[in-house]
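The values are calculated or read from the model by the stated rules, or taken from the named source; none is laboratory data. Bear in mind the structure is a predicted one, so any value in this text is a computation, not a measurement. FYI the Cβ positions are ideal-geometry reconstructions off the backbone, even for glycines, and counts take in every protein chain you see. Heads up: the accessible areas ignore ligands, DNA and RNA and are worked out on the full protein's heavy atoms, side chains in. Shrake-Rupley method; radii C 1.70, N 1.55, O 1.52, S 1.80 Å.
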Amino acid sequence: MKNFVISFCSFLLIFLYGSSSIASARPEKREFRGAWIATVANIDWPSNVNASSEEKRAELIQILDSLRKCKINAVIFQIRPTADALYKSDIEPWSEWITGEQGRAPEPFFDPLQLVVEEAHKRCMEVHAWINPYRVTNFPNYKLAENHIYFKKPHLFKTYGGRIYFDPGLEETGDYLIWVLQDIVSRYDIDALHLDDYFYPYPSGGADFPDEETFQNNPRGFTSKADWRRDNVNRIVKRIQDSVKQIKPWIEFGVSPFGVWRNANKDPKGSATKAGVTNYDDLYADVILWADSGWVDYLAPQLYWELGKKVADYAVLAPWWQDNVKNSKLYFGLYASGLEVNKPKAWKTPNELVRQLRFNDECINNDGVIFYSTKYFLKNIQGLQDSLQADYYRHHALPPQSLLGKKSEAHFPVNLQLDTMDCLSWDAVLADDGEAISYYVVYAFPDSLECDFDDPNYILEITPNTKIQLSDYPHLNNSIYCITVTAVNRFRKESDPYEFIVRTKRLMADK
């Protein structure tokens with residue numbers, strides 16, 4: 001059966017290259033639609049470090065408005081690119097990327113992470129706080145703030161390729177990282193913690209990472225340095241998951257690894273690729289083990305290559321990840337930036353990402369995608385936004401339920417009312433912790449149809465409020481609709497509906 005699927009997908013791939021108008025299958029009600037907002041080197045935000053605080057705030061809100069319009073339901077906001085902070089921290093210095101100088105706070109003061117949490121939640125979008133665990137400098141001769149941990153505890157660091165990194169082999173490194181992350185999780189109402197693909201650094205100039213002394217001092221029974229390095233990263237990943245769940249069980253922990261685990265010429269379980277770098281052999285990140293062991297809630301491999309690429313074919317990698325990721329959710333990282341910056345012909349022939357989404361529809365059963373990066377995603381390059389709004393993202397979608405969500409209680413809203421001014425209202429659901437309500441889902445079913453809650457066609461609105469104005473939805477005037485409301489808690493579990501209201505036809509003269 002698997003061979004048949006691969007053969008069918010190969011046929012589909014050929015077909016997709018010559019087709020531009022394939023309608024997608026029935027849209028999924030549960031689908032992760034994310035966008036990375038990169039702050040390192042001011043890739044996405046802020047576009048100008050010399051802008052005023054008010055201008056930076058306005059720019060960030062405009063980004064969130066634009067993503068909401070595209071029906072994106074999660075933002076992955078980079079808050080710790082280089083052992084610094086784009087949030088108020090008593091542990092690490094303010095990031096250079098917010099003010100132009102590491103250690104200098106915004107003036108007038110504002111907290112970027114707090115702003116994103118408040119404004120994204122108003123728009124019913126999740127906030128995944130994106131951190132880099134080990135990177136300290138992003139380029140040579142980087143000026144660190146005087147209060148940086150590098151000057152307080154220099155024994156924690158190694159220089160490699162002209163850049164500074166934490167030494168992952170030291171237990172104290174893990175202790176420090178957990179301290180930083182627990183501080184974030186405790187103080188901010190985030191929905192997830194997110195690590196990117198930088199664990200041990202990417203190979204540089206053929207040199208080995210200088211951790212031989214660390215290995216010799218504490219090998220923990222390992223004779224292979226490569227296995228020891230993988231164990232170092234395994235241990236911190238498990239510690240992060242355990243510490244997050246101990247503080248707030250509803251907060252997810254996800255990792256976005258490099259797009260190739262291992263090549264098949266190194267391991268028969270690997271993918272039929274010829275990548276020059278892999279997670280397992282070069283970054284010492286055994287991401288499949290993390291998923292199998294339940295140490296991550298989701299993986300989002302960065303599949304930044306085109307369909308048909310010889311050394312790393314999207315049509316090979318997407319099914320490979322689907323077949324091999326167990327016990328965690330699976331999102332695909334898609335390279336929106338490639339539509340502008342990549343040179344191969346596939347990226348200049350509209351539209352490689354749409355072809356990949358079509359491929360996913362036909363051959364894959366993953367849980368959603370994340371676009372990198374937001375700046376390029378919002379440019380509508382080669383009509384990407386047009387395609388999403390006309391087809392794939394026509395309707396709202398809820399993020400997939402947390403793995404722990406089944407055990408939670410989803411309380412339903414009551415006292416549904418429709419007043420003479422066409423305002424639909426209901427009582428707020430009062431609950432605490434993971435059972436607190438993130439938002440409400442309003443459904444409108446034509447009176448002649450059965451109520452199919454799995455079909456997102458009938459989601460009228462997703463809102464954090466306890467009322468909406470039905471006259472704002474003109475299509476409701478053409479028929480009789482049954483209206484109901486559900487509630488979604490912090491575990492992303494949706495309640496049952498409790499009450500229905502019949503909304504009759506309304507003539508323009510009635511308004």
Fill in the blank from the handout: From the option list Glu435, Glu409, Glu450, single residue qualifying as open to solvent by 30 Å² or more (accessible area, probe 1.4 Å), in contact with a His (Cβ under 7 Å, 6 or more places away or on another chain) and not aromatic (Phe, Trp, Tyr) is Glu435
Exercise for the section: Only residues in segment 445-470 that are closer than 24 Å to Lys122 by Cα count as the first member; pair them with residues that are assigned to a strand (DSSP E or B) and among the polar types (S, T, N, Q), Cβ under 8 angstrom, at least 6 apart or cross-chain, and list the lot. Expected result: Phe453/Thr486; Pro464/Ser438; Thr466/Ser425; Lys467/Ser425
Problem - Number of positions in segment 114-140 that are free of Cβ contacts under 8 Å to residues at least 40 places away in the same chain and part of a loop (DSSP other than H, G, I, E, B) - result: 2
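Return the residue satisfying two criteria in turn: it lies in segment 108-125 and is charged (D, E, K, R) and in contact with a helix residue (DSSP H, G or I) (Cβ under 7 Å, 6 or more places away or on another chain), and of such residues it is most open to solvent (accessible area, probe 1.4 Å). Before you say what the answer is, go through the steps one by one.
Quick first cut of segment 108-125, residues charged (D, E, K, R) only: 111, 118-119, 122-123.
Within this subset, residues satisfying the condition of being in contact with a helix residue (DSSP H, G or I) (Cβ under 7 Å, 6 or more places away or on another chain) are 119, 123.
Details: Glu119: 23, Arg123: 39 Å².
Among residues in segment 108-125 that are charged (D, E, K, R) and in contact with a helix residue (DSSP H, G or I) (Cβ under 7 Å, 6 or more places away or on another chain), the one most open to solvent (accessible area, probe 1.4 Å) is Arg123.
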Completion exercise
Taking segment 471-499 and keeping residues touching a residue at least 60 places away in the same chain (Cβ under 8 Å) and assigned to a loop (DSSP other than H, G, I, E, B) leaves Arg490, Phe491, Arg492, Lys493, Ser495, Asp496, Pro497, Tyr498, Glu499
Exercise for the section: Examine segment 50-70 for a residue that is small (Gly, Ala, Ser) and either crowded, with 19+ Cβ neighbours inside 10 Å or in a loop (DSSP other than H, G, I, E, B) (or both), and state whether such a residue exists. Expected result: yes
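Report yes if some residue within segment 310-332 is in a loop (DSSP other than H, G, I, E, B), among the polar types (S, T, N, Q), open to solvent by 50 Å² or more (accessible area, probe 1.4 Å) and at negative phi; otherwise report no. Outline the logic, then answer.
Keep residues of segment 310-332 that are in a loop (DSSP other than H, G, I, E, B), which gives 310-313, 325-328, 331.
Pick out the ones that are also among the polar types (S, T, N, Q) and you get 327-328.
Still in the list and also open to solvent by 50 Å² or more (accessible area, probe 1.4 Å): 327.
Pick out the ones that are also at negative phi and you get none.
No, segment 310-332 contains no residue that is in a loop (DSSP other than H, G, I, E, B), among the polar types (S, T, N, Q), open to solvent by 50 Å² or more (accessible area, probe 1.4 Å) and at negative phi.
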Practice task
For segment 425-432, indicate whether the set of residues that are touching a Ser or Thr at 6+ places or on another chain (Cβ under 7 Å), closer than 30 Å to Trp320 by Cβ, at pLDDT 95 or above and open to solvent by less than 50 Å² (accessible area, probe 1.4 Å) is non-empty.
Solution key: no
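Going by the structure shown, is Lys248 open to solvent by 20 Å² or more (accessible area, probe 1.4 Å), closer than 26 Å to Asp323 by Cα and among the basic types (Lys, Arg)?
Working: open to solvent by 20 Å² or more (accessible area, probe 1.4 Å): yes; closer than 26 Å to Asp323 by Cα: no; among the basic types (Lys, Arg): yes.
For Lys248, the condition - open to solvent by 20 Å² or more (accessible area, probe 1.4 Å), closer than 26 Å to Asp323 by Cα and among the basic types (Lys, Arg) - is not met.
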Practice task
Mind telling me which of the residues Ala291, Ala300, Ala315 ends up being among the aliphatic types (A, V, I, L, M) and in contact with a helix residue (DSSP H, G or I) (Cβ under 6 Å, 6 or more places away or on another chain)?
Solution key: Ala315
Practice task
Please specify each residue of segment 381-405 satisfying the condition of being among the small types (Gly, Ala, Ser), farther than 22 Å from Tyr304 by Cα and open to solvent by 30 Å² or more (accessible area, probe 1.4 Å).
Solution key: Ala390
Exercise for the section: Determine, yes or no, whether Leu357 is under 28 Å from Asp208 (Cα atoms) and in contact with a Phe, Trp or Tyr (Cβ under 8 Å, 6 or more places away or on another chain). Expected result: no
Handout entry: Flag if Lys505 is open to solvent by 40 Å² or more (accessible area, probe 1.4 Å), within 27 Å of Arg394 (Cα to Cα) and more than 34 Å from the chain's Cα centre (by Cα)
Key = yes
Practice task
Being at pLDDT 95 or above and either among the acidic types (Asp, Glu) or surrounded by fewer than 19 Cβ atoms within 10 Å (Cβ to Cβ) (or both) is the filter here, so list the residues in segment 352-380 that pass it.
Solution key: Glu352, Asp367, Lys379, Asn380
Practice task
Could you please find all residues in segment 234-275 being among the hydroxyl-bearing types (Ser, Thr, Tyr), under 24 Å from the mean Cα position of the chain (by Cα) and in a loop (DSSP other than H, G, I, E, B)?
Solution key: Ser256
Practice task
Answer yes or no: is there a residue in segment 180-188 that is under 28 Å from Lys88 (Cα atoms), touching a residue at least 24 places away in the same chain (Cβ under 8 Å) and assigned to a loop (DSSP other than H, G, I, E, B).
Solution key: yes
Exercise for the section: For segment 71-82, enumerate the residues that are in contact with a strand residue (DSSP E or B) (Cβ under 7 Å, 6 or more places away or on another chain) and open to solvent by less than 20 Å² (accessible area, probe 1.4 Å). Expected result: Ile72, Asn73, Ala74, Val75, Ile76, Phe77, Gln78, Ile79, Arg80, Thr82
Handout entry: Any hit, segment 7-28, residues being of a type outside the set (S, T, N, Q), surrounded by 13 or more Cβ atoms within 10 Å (Cβ to Cβ) and either modelled with pLDDT of 95 or more or farther than 25 Å from Leu384 by Cβ (or both)
Key = no
Practice task
Identify all residues within segment 412-424 that are surrounded by 13 or more Cβ atoms within 10 Å (Cβ to Cβ) and either of a type in the set (Gly, Ala, Ser) or closer than 14 Å to Ile468 by Cβ (or both); write none if there are none.
Solution key: Pro413, Leu416, Leu418, Asp422, Cys423, Leu424
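Name the residue that is surrounded by the most Cβ atoms within 10 Å (Cβ to Cβ), counting only residues in segment 261-281 that are touching a Gly at 6+ places or on another chain (Cβ under 7 Å) and touching a residue at least 12 places away in the same chain (Cβ under 8 Å).
As a first pass, look at segment 261-281 and keep what is touching a Gly at 6+ places or on another chain (Cβ under 7 Å): 261-264.
With touching a residue at least 12 places away in the same chain (Cβ under 8 Å) added as a condition, the list becomes 261-263.
Values: Trp261: 29, Arg262: 20, Asn263: 20.
Checked segment 261-281; the qualifying residue surrounded by the most Cβ atoms within 10 Å (Cβ to Cβ) is Trp261.
Okay, residues lined up against (1) in contact with a helix residue (DSSP H, G or I) (Cβ under 6 Å, 6 or more places away or on another chain); (2) touching a residue at least 40 places away in the same chain (Cβ under 8 Å):
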| position | (1), (2) |
| --- | --- |
| Ala51 | no, no |
| Asp65 | no, yes |
| Phe77 | yes, yes |
| Thr82 | no, yes |
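In segment 327-370, which residue that is among the acidic types (Asp, Glu) and over 18 Å from the mean Cα position of the chain (by Cα) is farthest from Leu299 (Cα to Cα)?
Taking segment 327-370 and keeping what is among the acidic types (Asp, Glu), we get 340, 352, 361-362, 367.
From what is left, the residues that are over 18 Å from the mean Cα position of the chain (by Cα) are 340, 352, 361-362.
On the way: Glu340: 26, Glu352: 22, Asp361: 19, Glu362: 21 Å.
Applying the filter and picking the extreme gives Glu340.
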